[in-house]
Amino acid sequence: MSSVEAIPAIASYLAASGVDFHFRTNVTGASTGVLHTGRGDIEASTIVVAAGHDTDMLFPDLAEEANIQRCLLHMLEVDAPPGSRFSPVILTGTAVLRYRGLSQRAAAQSIRDRLARDHPDLLAALVNVKMSQRPNGRLVLGDTHAYAHTHDPFRDENLTICSCVSFTRCSGHRYGCAAGGTASMRTAKQKTTSCVSRCRECSLLASRTGRA
């Protein structure tokens, strides 16, 4: 399921069923029976606050008590190799460490030890090496995780490099960035200017894989 398509479709369905949506409306606070917004107050018998990490904007004391932090994810969208289709989401062993239902199993420790020994860069960036294909054919590669109350607004290029090398290791394809910023996946046999050859940091990481 593509969230880009599913979310507006669900909203349209609910709107047609009589649900009122107030888009582009900033919520500034909530009290018993009243939701305060930038467009005025909205009265309701029941108010559900589902602001996620932005809970600290409405209830800072509760957020501080619960130590709510923002999780910054770094993902890549690239062109798939011509003619390729990937029906399922592809996960690797890093998913065992990422998801609680798997990370608490005894076998997870051996995976953690192996990554710490062979690929400490993945552990440091909390990388979950996975891939899914969007309906338009492009691939979504992910993802890194960083936790903090406030994040730097600028993208860390080293995370792109780390993701690039991760997928070079496990897929046999190289991730390349064209001058215009578009990304693609090409087979290692194809001639391409990839980040492995363009970035010194990436070359150092890729040298561990034998694909540099």
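Of all the residues that make up region 113-123, how many are more than 16 Å from H74 (Cβ to Cβ) and surrounded by fewer than 16 Cβ atoms within 10 Å (Cβ to Cβ)? Let's see the steps before the verdict.
Pass one, region 113-123, residues more than 16 Å from H74 (Cβ to Cβ): 113-120.
Now drop any that are not surrounded by fewer than 16 Cβ atoms within 10 Å (Cβ to Cβ), which leaves 113-114, 116-118, 120.
The number of residues fulfilling the criteria is 6.
Residues of region 124-150 that are β-branched (V, I, T) and either outside any strand (DSSP E or B) or within 12 Å of E77 (Cα to Cα) (or both): V127, V129, V140, T150.
Can you spot a residue in region 80-88 that is closer than 21 Å to L159 by Cα and in contact (Cβ under 8 Å) with a residue 24 or more places away in the chain? Checked against the condition, which is being closer than 21 Å to L159 by Cα and in contact (Cβ under 8 Å) with a residue 24 or more places away in the chain, region 80-88 yields at least one hit.
Considering A11, A106, A30, the condition of being under 26 Å from A125 (Cβ atoms) and among the aliphatic types (A, V, I, L, M) is satisfied by A106 alone.
Taken over region 104-149, the criterion of being farther than 30 Å from A6 by Cβ and β-branched (V, I, T) is satisfied by I111 alone. G29 fulfils the conditions (1) in contact with a Lys or Arg (Cβ under 9 Å, 6 or more places away or on another chain); (2) within 24 Å of H149 (Cα to Cα) except for a single criterion, (1).
The residue list D54, D61, D121, D41 contains one member that is out of contact with any Ser or Thr (no Cβ under 6 Å at 6 or more places or on another chain), among the acidic types (D, E) and over 22 Å from V27 (Cβ atoms), which is D121. Residues in region 95-113 that are of a type in the set (D, E, K, R) and free of Cβ contacts under 8 Å to residues at least 12 places away in the same chain: R100, R105, D113. Within region 1-27, the residues that satisfy the criterion of being touching a residue at least 12 places away in the same chain (Cβ under 8 Å) and under 24 Å from Q69 (Cα atoms) are T25, N26, V27.
No lab work stands behind these numbers, since they all come straight from the coordinates. Here the structure is a predicted model, which means the values were calculated and not measured. Here Cβ is always computed from backbone atoms with ideal geometry, including for glycine, and neighbour counts include all displayed protein chains.
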